[in-house]
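The values are calculated or read from the model by the stated rules, or taken from the named source; none is laboratory data. Remember, it's a predicted structure, so these values are computed and weren't measured experimentally. Neighbour counts run over all protein chains shown; Cβ positions are idealised from the backbone, glycine included. The accessibility values were calculated without ligands, DNA or RNA, using every heavy atom of the protein model including side chains. Shrake-Rupley method; radii C 1.70, N 1.55, O 1.52, S 1.80 Å.
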Amino acid sequence: MSRIAITAFSGWNDAGEAATGVIEHLLEVWPSRPVGAVDAEEFIDFQVNRPEIRTTEEGLRVVDWPDTRLHLITPPRGPEIVAVLGPEPSLRWKRFCDEVLEQLQALDVSSVVSLGALLADSPHSRPLPVSSQVEPVPAQRVEDSEQYSGPIGVPTILARRTASAGLRTTSIWVQVPHYVSQNSSPKAVLGLVREVQELISAPIPVGELVEDAEAWERGVDELARTDEDVAEYVRRLEQAQDAAELPEASGDAIAKEFEQFLRRRRETD
């Protein structure tokens, strides 16, 4: 059975540590083993992502380099998952993505899920918006004129690379409230996990993650109660999101209401 890869990179594309949090959660709830790595030496600026030194249980001093690591995760059923986790590289993105792709192909990966998280004007008290789309082949014409244009990170470059190599690639992004971006956001992690769940057959355990998300939301509520400016800002965001989600805000609903108006007018005449 072919495998599915899930990728996440810390840094600019990982608001609230949501994308990398998904990989860490999967590594925690299911058995895994290392199956590969991309050496940081050619791709990472060590003044941005520094190596760390620690003492092992055996009393040895070791240095952990910020390599991109691949782990093979074995769910209780369904295809195995190749998790790709590391810092966003500082240099040579094209070569980096080619090396990741080569390792994924060697591990018999047939589809890829690329995770990301961005800062946005989203209220913490509502479900955090999550978008999911299958990446088109780069030469394929895109019909949606509202597609994003602007700066991108390595998740997008890698997703385009894997799609062009024939791997079905799905990009999933969650919006993280920018006013609480300095801390990790388990609610954003949960939003991504639930979207990933749609693509794999084994149920992902989320019990503790749900509790963490609820505690996070209560903590932000408490912050808002102690700062009237934050509270007012959150209320405005809630009102804007609620208005956007009202049925009468949609074009179809407006058209339907107009048709009903014309019908009533004809009946009156």
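Here are the numbers:
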quantity: Accessible area of the chain divided out per residue, in Å², using a probe of 1.4 angstrom; calculated: 58
quantity: Charge tally in the Cβ shell below 11 Å around T170, where Lys, Arg are +1 and Asp, Glu are -1, T170 excluded; calculated: -2
quantity: Sequence-separation-based contact order of the chain, relative, with Cα cut under 8 Å and 6+ spacing, percent; calculated: 23
quantity: From the coordinates shown, Rg and Dmax of the Cα atoms in Å corresponds to which of (i) 19.9, 60; (ii) 23.6, 71; (iii) 22.0, 92; calculated: (iii)
quantity: Where labels lie 7 Å past Cα in the beta-carbon direction, separation of R168 and W65 in nm; calculated: 3.6
quantity: 0 to 90° range, to nearest 10: angle between helix 93-106 axis and the chain longest Cα axis; calculated: 80
quantity: Residue-averaged [θ]222 nm for the chain, counting only DSSP H segments that reach four residues, each worth -39500 (n - 2.57); calculated: -13000 deg cm²/dmol
quantity: Accessible surface of the chain [probe 1.4 Å, protein heavy atoms]: carbon and sulfur percent; calculated: 49
quantity: Formal net charge of residues neighbouring R54 (Cβ-Cβ distance under 10 Å; K, R +1; D, E -1); calculated: -1
quantity: Region 1-81: relative contact order in percent, alpha carbon pairs under 8 Å with at least 6 residues between; calculated: 36
quantity: Prolate/oblate/rounded label for region 172-221 (Cα gyration tensor, a/c 1.5); calculated: oblate
quantity: R218-S131 FRET efficiency (beta carbon distance; Förster radius 35 Å; 0.05 resolution); calculated: 0.85
quantity: Electrostatic dipole magnitude of the chain [Cβ: Lys, Arg +1; Asp, Glu -1; Cα centre; debye, to 20]; calculated: 820
